[in-house]
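Here is the structure we will look at, set down as structure tokens.
The values are calculated or read from the model by the stated rules, or taken from the named source; none is laboratory data. Small disclaimer: the values here were computed from a predicted structure and weren't measured. Positions of Cβ are backbone-derived with ideal geometry, glycine not excepted, and every protein chain shown enters the neighbour counts.
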Amino acid sequence: MESSKFIQISPDILIEYVYTSQSSPTKFNTGNYPVEIMRDGHTGGSYMFNTDSVSATMGNYRDISGAAIDANKTQFAYLDTSVGVPYNDFDNKLTDSNALLQNFAPSIDIEYDRIRVHFVAGYTFTGFDGLILETLVPNANGVMLNLSSIVFLKSDTPVFNPDPLLLADKLYSTYIEWRVPALYFMNNTFTSINTNTLAYKLTEGLGFLPTPTITLKVSGIYQTTNVNSYNIFDVEEVNSVTIPNRDIYDNLSASVKQSDVGDYFELTGLVAGSTFSNFMASLNSQANSNYIVFHEINVSEQIGTNFINTSTQMFTQTNDFDEPILFRPIIMNSAIAASFSIQYVLRLYNRDDNTQIIKNANLTSFDPKKYGKRLMKINLGTVPTVANVYNKLAADDGSRIVVTDGNSNNSALTSDDIAGRMVVKTKYVTQFKDKLNVKAAISPAKIQNITETDGDTN
């Protein structure tokens, strides 16, 4: 997978160098994505471009590039191809346009890295007419060759980032982007006997230094003059930085997986042959290193054939790095979504110099209903359960009532037996008084003597 390295090249400019995957690199065939090489007699170096026909994909083409026209690289000429005669056809120390295109027989696949330059929100070219952004690599003699030399003028429009990058309290909302050949693969495949490689053609058969590095250089255009209808830029270096030709942290990867013990996902960093905690301890033991970890999560839901981003979250981790981040997504359209995807960005941020190490991982689930806005519940009634115990009696109309006189010698009679033997006599009365049923009772009376206490007499 790709991995990114962020470099704070200036207070308002952040360079993101994206290394292609070493196991499954991004490749473009020269048959469909042609390559141009321009020799530079001013510096002894060379410039590499892709053709205008693939500019939308590759981003590195001659029309937006500049070339140094003095040995110290303090002046650049704009290689604008819209003028009648391009500058490289005017300057005899640069390769003519008709000789730029490289012939690969047969066509070959070339591995490409990617460069994205982020600009802080509201960025202005204070004191500059524009910038020149160079990607430089050394040949075997130490001469710097240009994999790109992009001119970005004040009048040019960057790409608006729909997901602005927030870093060190700065919001980077726009960017420009292009691709460059991956130095790691060029160096590893170079041989002096195989002339049908980009490394051979770019270095003119010399190859690169044993362990070549990549230099990213930004120069500001402080003055623009028009000479013979060509724009000539006077420049001064803003900053430059050197980075390895490959991802030296290729043993680190981001991991997002469904938990084995619950309905949630686990997000963490994985390190081949070690633990994430040991990896972080090793990083922070280096000079000027104070790394913390950001876990950035983006959830996209598939509605029909479209993926809609529905949530973005970020977690910060400063210790216990072997403990995964536990995450349960909420799928807003679980009733109609066919699937959902979790895009996980593992970001290691150095608080001392603002550099970053970034790894990416993705997971797609086809069970969106499981993570809807409301969890599926089983109705268990009252919790805790209250048990009502009943002694159920059979229906009884009274026929099973047993009557006995308490003498064990007499057989008991049921209510039905009694009813069958009962003789009913009717007696008519003319008044509601019955002398025969009058009862009298005697109860003792208590007599209390009352004496004179306050002048009254009883």
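So the values come out like this:
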{"item": "Close pairs (7 angstrom Cβ cut-off, 6 or more residues apart or separate chains): in contact (Cβ under 8 Å) with a residue 40 or more places away in the chain and aromatic (Phe, Trp, Tyr) in region 221-239, in a loop (DSSP other than H, G, I, E, B) and surrounded by fewer than 12 Cβ atoms within 10 Å (Cβ to Cβ) anywhere", "result": "Tyr222/Gly127"}
{"item": "Considering residues of region 160-201 that are in a strand (DSSP E or B) and aliphatic (A, V, I, L, M) only, the residue nearest to Thr26 (Cα to Cα)", "result": "Val180"}
{"item": "Residue in region 99-111 that is free of Cβ contacts under 8 Å to residues at least 24 places away in the same chain, within 25 Å of the chain's Cα centre (by Cα) and surrounded by fewer than 19 Cβ atoms within 10 Å (Cβ to Cβ) present", "result": "no"}
{"item": "Positions within region 1-59 being at pLDDT 90 or above, farther than 19 Å from Leu198 by Cα, hydrophobic (A, V, I, L, M, F, W, C) and in contact with a strand residue (DSSP E or B) (Cβ under 7 Å, 6 or more places away or on another chain), in sequence order", "result": "Ile9, Ile13, Leu14, Ile15, Val18"}
{"item": "Residue in region 13-33 that is over 20 Å from the mean Cα position of the chain (by Cα), closer than 21 Å to Ser219 by Cβ and either crowded, with 19+ Cβ neighbours inside 10 Å or in contact (Cβ under 8 Å) with a residue 24 or more places away in the chain (or both) present", "result": "yes"}
{"item": "Within region 202-307, strands (runs of 3 or more DSSP E) holding 3 or more residues that are closer than 26 Å to Ile9 by Cα and of a type in the set (S, T, N, Q)", "result": "213-227, 230-244"}
